[in-house]
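S.K.: One structure is given below, represented as structure tokens, and several questions about it will come after.
The values are calculated or read from the model by the stated rules, or taken from the named source; none is laboratory data. Since the model is a prediction, treat every value here as computed from it, not as a measurement. Note that we place each Cβ from the backbone using ideal geometry, even for glycine, and neighbour counts take in every protein chain shown.
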Amino acid sequence: MKVILSQDITGVGRKGEVKNVSDGYARNFLLPNKLGQVATPAAIASTEKMKNQMEQDREVQKDILEKNIKGLNGLKVQIKAKANEKGHLFSIIHPDEISKILKEQHHLDIPSKIIEISKPIKEIGEHIIKTKHQEFVLDVLPL
């Protein structure tokens with residue numbers, strides 16, 4: 001029986017693929033658990049349309065991300081954090097926090113997963129932060 005997978009299934013296929021599986025596997029496992037649907041011509045056309053839309057959305061997101069990354073060039077971002085009198089921070093600054101600050105201060109939506117920190121930020125002062133294509137300065141100021 002031909003089915004369209006609704007999710008990635010190890011050993012069977014990826015979401016959106018049309019696979020030929022045994023009738024029992026389809027009727028007893030895939031269809032009741034909503035992991036797939038019968039591959040009718042209408043369902044196949046709908047899946048192809050959905051795949052095309054997802055690909056277009058990915059391209060748009062990629063273009064927006066590239067523009068945001070270009071906006072980082074030469075940028076100086078300031079963040080305030082609690083520190084002791086020697087300048088050591090009470091908590092490390094993580095990429096999630098940097099991503100949040102970029103969005104708040106400069107309206108740049110940069111995912112934290114592409115922010116690369118060479119060593120943990122534990123002290124006040126300037127730190128160079130890199131992404132895959134650009135780098136910028138993070139100035140950590142005491143609160």
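S.K.: Looking only at residues in segment 87-108 that are in contact (Cβ under 8 Å) with a residue 24 or more places away in the chain and surrounded by 14 or more Cβ atoms within 10 Å (Cβ to Cβ), which one is farthest from LEU65 (Cα to Cα)?
M.R.: LEU89
S.K.: Considering only residues that are part of a strand (DSSP E or B) and basic (Lys, Arg), look in segment 86-143 and name the one that is modelled with the lowest pLDDT.
M.R.: Pass one, segment 86-143, residues part of a strand (DSSP E or B): 88-93, 116, 121-123, 125-130, 135-142.
Remaining after also requiring basic (Lys, Arg): 122, 130.
Values: LYS122: 89, LYS130: 84.
Going through the qualifying residues, I end up with LYS130.
S.K.: Moving on to the next point. Looking only at segment 109-118, count every residue that is exposed (fewer than 11 other Cβ atoms within 10 Å of the Cβ) and touching a Pro at 6+ places or on another chain (Cβ under 9 Å) and tell me the total.
M.R.: Filtering segment 109-118 for residues exposed (fewer than 11 other Cβ atoms within 10 Å of the Cβ) gives 113, 118.
Restricting the remaining residues to those that are touching a Pro at 6+ places or on another chain (Cβ under 9 Å) gives 113.
Of the residues in that region, 1 qualify.
S.K.: Also: If GLY11 meets every condition in (1) modelled with pLDDT under 90; (2) assigned to a loop (DSSP other than H, G, I, E, B) apart from one, which number is that one?
M.R.: Here GLY11 meets the rest and fails (1).
S.K.: Here's something else I'd like to know. Taking LYS34 as the residue in question, decide whether it is surrounded by fewer than 11 Cβ atoms within 10 Å (Cβ to Cβ) and under 17 Å from ASP8 (Cα atoms). Even if it seems obvious, please write down each step before you answer.
M.R.: Values: surrounded by fewer than 11 Cβ atoms within 10 Å (Cβ to Cβ): yes; under 17 Å from ASP8 (Cα atoms): yes.
For LYS34, the condition - surrounded by fewer than 11 Cβ atoms within 10 Å (Cβ to Cβ) and under 17 Å from ASP8 (Cα atoms) - is met.
S.K.: So in segment 42-82, with the set limited to residues that are in a helix (DSSP H, G or I) and in contact with a strand residue (DSSP E or B) (Cβ under 8 Å, 6 or more places away or on another chain), which one is surrounded by the fewest Cβ atoms within 10 Å (Cβ to Cβ)? Steps first, please.
M.R.: The first filter runs over segment 42-82 and keeps only residues in a helix (DSSP H, G or I), leaving 42-70.
Adding the requirement that they be in contact with a strand residue (DSSP E or B) (Cβ under 8 Å, 6 or more places away or on another chain) leaves 43-44, 47.
Values: ALA43: 15, ILE44: 13, THR47: 19.
Ranking the candidates gives ILE44 first.
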